[in-house]
Amino acid sequence: MSSTSCEPQQPAARTDSVSEVEHISSLSDNLNGLFLNSEYADVNLVVEGVTFPAHKIILAARSFYFRALLFGGMKESTQSEIELKDAPTLAFKTLLKYVYSGRMSLAELKEDVVLDILG
């Protein structure tokens, strides 16, 4: 059988049962690798003039807001570029990174950025 991109890139982590395979860590790394990556991106999000390439299916899977915006029948569902108003660039980029990685270190952010993220 030929090698495909669906095959694990790292050895599978063993679980208690020998019949189980777990690739949660590599799945997370693979999704994180798509952050700000225009490869396979199907939407550009524009915040304060800055363009962020993104992937609708990832956004929708991770956020009710994006699911409604991109697949809820709104006009944005047919657009390849969407301007998001009232979102500060740094806070949005940090939140988008969280969507792709599942990780965010609030301790490393300035207080005003944390408030913008929560706001």
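From its DSSP helices (H runs of at least four residues, each -39,500 (n - 2.57)), the chain gives a residue-normalised ellipticity at 222 nm of -10500 deg cm²/dmol. Per-residue 3J(HN,Hα) values for segment 66-80, derived from phi via the Karplus relation 6.51 cos²θ - 1.76 cosθ + 1.60 with θ = phi - 60°, read 5, 4, 5, 5, 8, 10, x, x, 6, 4, 5, 5, 10, 9, 8 Hz in sequence order (x marks Gly and Pro). Only beta bridges with both residues in segment 13-118 are counted; by DSSP, about 70 percent of them are antiparallel. Pairs of Cα atoms nearer than 8 Å and 6+ residues apart set the relative contact order; for segment 13-118 it is 25 percent.
Once you order the gyration tensor axes a ≥ b ≥ c over the Cα atoms, which shape class does segment 13-118 get: rounded for a/c under 1.5, otherwise prolate or oblate by comparing a/b with b/c? Note, shape of segment 13-118 comes out oblate. Between ARG67 and ILE24, the contour length at 0.36 nm per residue exceeds the Cα-Cα span by 13.2 nm.
Here the extension length gained between LYS75 and THR89 equals 2.8 nm, from 0.36 nm per residue of separation less the Cα-Cα distance. Stretching the chain fully between LEU109 and ASN44 yields a gain of 20.9 nm (0.36 nm per residue, less the alpha carbon separation).
Just so you know, all these numbers are worked out from the coordinates, no wet-lab data involved. Here the structure is a predicted model, which means the values were calculated and not measured.
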